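Let me begin by presenting the structure, written as structure tokens, before commenting on it.
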Amino acid sequence: MASTEYVMPQKETEEQSLTKAMDELEMWRNKVEKAETEKSRLLLEKLSAEETKKQAQNETMKLVEQQKKLEEAFEKMNQAKQDSILQLEKSNQALMQQLQKYEDMLKAKKAEYSSLQQLSKVKADIPETKVTFTGVETEGEDRNYQDIVGVFTITQKPSLHLAGGEALITFEEEKVAENILRLPRCSVAFDNNRMDLSPFKVTLGSSVKFEVHLNVSKRKLRFSNLFPHLPAERMRDHLEIGFSKPSLGGGEVEEVAYNMDTGSGEITFLNTGVAERLALKRKYTLDANQEVFVSVQPSFEYQLKKFQTYCGVSKRTVLLRGIEDVVDEEDLQDHLEIHFQKPSNYGGEVENIKYISRPKSAEAYFSEDTT
């Protein structure tokens, strides 16, 4: 069987190729456009990313700058605090030094006050005095019968503070003390040892002498510890009635003085003897709507007159310093007494001697030299 062949015309084949080429061109054109579009998009994204990066870099720079400023501010603040702490420490140290200075001043003032207080203390033994009855004075002759009058002369004994390692020696004669004081030092032998002592003149602290003029009323009585629980006028009435009772030792009342603020006052009796009698009791019972115990005492006035201060020098006494406790206190005192009794040591008869061992101290009192 014979086959049949078909032959395409040449013209149709070229058209197909052209169409195919056009289609392919269109395809590549579309791809190029897409590529351009993608390129543009990527370029825009790149530009956007660079802008974002730039903004991020700017923000980072700002943050770094801000952090730097904050660090500088913190450093300044920290330095200021350190300076403030240092200044406070210096101020505190200055205040502590000032406080120590004031404490030392206070301690010195207290010591001075204690010394002055010791100097101002007065101890006096008032001797008994014999009196002679000379007669009776009537009230009309002299109104001074209402007071008991006394004049007392008070003399403070001069004193000297004796520290440990010091001794006081009083000789019977002044010339012996003068001879000892001329020596630059006193060499005292103790067994195989020698002790060099320094002699000093005794200069006493200030002393006082004065008179106390005392007037004790024979008709007036002071009372205290009576605080008001009634009006003032009623309290005075109860006082007058209470102190008028003979059964309690009272008597006729002339005048009542009462201070409601202090709870104290004064009763003036018409006659003498009542105030003296009640003052001896020290306590008195009153009925002021309730039983009350009040304190009673004499009514007196006093004046200090002829006040004198003076400083004395003991001419027969020598102060020895620099004594070492080589033996006990009593043996050392006996040894010193024996040494200073010998004329070969420029000594003489010893009237009194007192040695104080360390760390003790004592106050030595001197009486008026009547020799």
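Quick notes on this structure:
- The convex hull drawn around the Cα atoms of region 146-299, when projected onto a plane and averaged over every direction, covers 16.8 nm².
- Cβ-Cβ FRET estimate between residue 304 and residue 83, R0 fixed at 51 Å, reported to 0.05: 0.25
- In plain terms, the chain from residue 287 to residue 337 could stretch by 11.1 nm, reckoned as 0.36 nm per residue minus the Cα-Cα distance.
- Pairs of alpha carbons in the chain whose separation is greater than 40 Å (percent): 65
- Residue among 51, 174, 233 with the largest mean-square fluctuation in a Gaussian network model of the chain, springs linking Cα atoms under 10 Å: 51
- Modelled FRET efficiency - R0 35 Å, residue 149 with residue 368, Cβ distances, 0.05 increments: 0.85
- Relative to the dominant Cα principal axis of the chain, helix 232-242 is inclined by about 30°.
- Ordering of 32-38, 298-304, 249-255, 315-321 by burial proxy (mean other Cβ atoms within 10 Å per residue, highest first): 315-321, 249-255, 298-304, 32-38
- Residue-averaged [θ]222 nm for the chain, counting only DSSP H segments that reach four residues, each worth -39500 (n - 2.57): -14500 deg cm²/dmol
- Around the Cα centre of region 37-83, unit charges on the Cβ atoms of Lys, Arg, Asp and Glu (plus for the first two, minus for the last two) sum to a dipole of about 140 debye.
- A Gaussian network model of the chain, with springs between Cα atoms under 10 Å, assigns the largest mean-square fluctuation among 342, 306, 68 to 68.
- Couplings 3J(HN,Hα) of region 306-316, computed from phi: 6, 6, 10, 10, 7, 10, x, 10, 8, 7, 9 Hz, in residue order, whole Hz [Karplus 6.51 cos²θ - 1.76 cosθ + 1.60, θ = phi - 60°; x for Gly and Pro].
- Amide proton proximity set for residue 197, modelled H, under 5 Å, gap of 5+: 186, 187, 188
- When the chain is treated as a GNM with alpha-carbon contacts under 10 Å, the residue of 307, 223, 74 showing the greatest mean-square fluctuation is 74.
- The angle between the Cα long axis of helix 329-341 and the main principal axis of the chain comes to about 50°, on a 0 to 90 degree scale.
- On the beta carbon distance between residue 208 and residue 104, with R0 = 30 Å, the FRET formula returns roughly 0.55.
- Distance between the C-alpha centres of region 89-108 and region 172-202: 44 Å, rounded to the whole angstrom.
- Using C-alpha pairs below 8 Å separated by at least 6 residues, the relative contact order for region 186-253 is 13 percent.
Taken together, the values in this text are just the output of simple stated rules run on the coordinates, not laboratory data. Small disclaimer: the values here were computed from a predicted structure and weren't measured. Positions of Cβ are generated from backbone atoms using ideal geometry, with glycine treated the same way; all protein chains shown enter the neighbour counts.
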